[in-house]
Amino acid sequence: MQILKVVAIFGIVCLCEIGIVLSHTDELQLSLGTGEEPNQQLRRPNVVDTNQVRIVSETNRLSSDGYEIYAGQFPYHALVYINNDNPKPWESSIVQTAGSLITPNYILTSAEVLRKNILGNGKTYGFVELGYRNGADRERQQVIDFTNSSISIHPRFSGGLFYNIATIRLEHPATLNRYVQPIRLPRLSDNRTFEMMEGTSLGHHYNGTMRYMRNQVLPHDNCLLQEYVCTNSFIGGAFCNRVDGAGLTVEDEDGPILIGFTMRVYRCDLNERDINTRVSVYRDWIVNHSDYVFDF
């Protein structure tokens with residue numbers, strides 16, 4: 001088992017659980033060219049590189065740190081940083097979560113993290129990083145701010161759970177290029193449950209690169225509620241780097257579709273089904289809280 005060096009840099013709260021890791025997954029090779037983006041300064045806070053604290057369970061052969069992501073592979077993916085200012089410095093924090101770009105102006109994400117860290121605190125704000133790059137090239141990522149007033153969170157509460165969906169309006173539109181592109185959502189007439197299709201989930205960094213995992217989508221009856229879409233850890237592996245709000249996509253003849261996003265993160269020593277918020281349940285709400293236009 002490879003011994004990992006843990007680098008601790010204080011300043012960010014990471015929404016993940018520490019576990020154990022084996023690097024036994026294959027890597028996908030892509031041929032990349034160069035793109036032209038505006039030169040933007042990346043304002044990165046002091047963060048714990050959560051990438052480096054994953055351990056894969058020795059008792060679970062299905063646990064995995066996932067596959068390495070290359071620049072331009074998932075151009076809709078957004079890293080979301082929430083800054084909670086507080087007069088008492090020791091009570092301030094920066095929380096990282098994730099989301100998906102659905103138009104140049106809007107991010108679709110989980111409501112839970114925003115609800116806990118933004119609402120009720122008028123001094124909170126944040127920013128997103130778009131156009132994932134690796135290493136020194138990360139300075140070319142796009143960084144766009146958002147404020148408290150630009151967040152919409154589904155207000156409904158049912159069965160002991162809040163409906164876990166939110167949108168974030170960016171302070172200015174994202175510049176679209178080969179590294180930054182919106183993801184399409186299921187059209188209005190699309191009634192598929194996507195069961196047995198291969199779902200792709202994005203996660204945290206590990207060993208300096210962002211990671212993803214592919215799992216089979218479970219039949220609807222094997223999930224908890226109609227608002228959820230679940231994937232099977234026994235077919236694809238138990239992903240140790242999941243992050244709340246990160247997109248779950250499948251591919252059809254027209255390309256990738258965002259069918260959900262991570263809403264519950266389990267320890268990877270357990271082969272639990274992975275639970276995601278099902279996007280198609282919330283079409284009307286998305287229309288009313290973004291500028292996304294659904295195809296029929």
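Using amide H atoms built 1.01 Å from N in the peptide plane, name the residues 5+ places from SER63, or on other chains, whose amide H lies under 5 Å from its own.
It is ALA238, by chain and number.
Given Cα pairs under 8 Å that are at least 6 residues apart, what percent is the relative contact order of the stretch 158-239?
Numbers: 74 pairs, mean separation 15.9, N = 82.
Relative contact order, the stretch 158-239: 19 percent.
As a test question: what accessible area, to the nearest 10 Å², does SER100 have when a 1.4 Å probe is rolled over all protein chains in place?
Its heavy atoms expose roughly 0 Å² to the probe.
How much length would be gained if the chain were fully extended between SER93 and LEU176, taking 0.36 nm per residue of separation minus their Cα-Cα distance, in nm to one decimal?
So the chain would gain 26.8 nm between SER93 and LEU176.
How much accessible area does ASP295 have with a 1.4 Å probe, in Å² rounded to the nearest 10?
90
With Kirkwood's inverse mean 1/r over C-alpha pairs for Rh, give me the Rg to Rh ratio of the stretch 195-254, two decimals please.
Here the Rg-to-Rh quotient is 0.99.
The values are calculated or read from the model by the stated rules, or taken from the named source; none is laboratory data. This structure is a prediction, so every number in the text was calculated from the model and none was measured. Heads up: the accessible areas ignore ligands, DNA and RNA and are worked out on the full protein's heavy atoms, side chains in. Shrake-Rupley method; radii C 1.70, N 1.55, O 1.52, S 1.80 Å.
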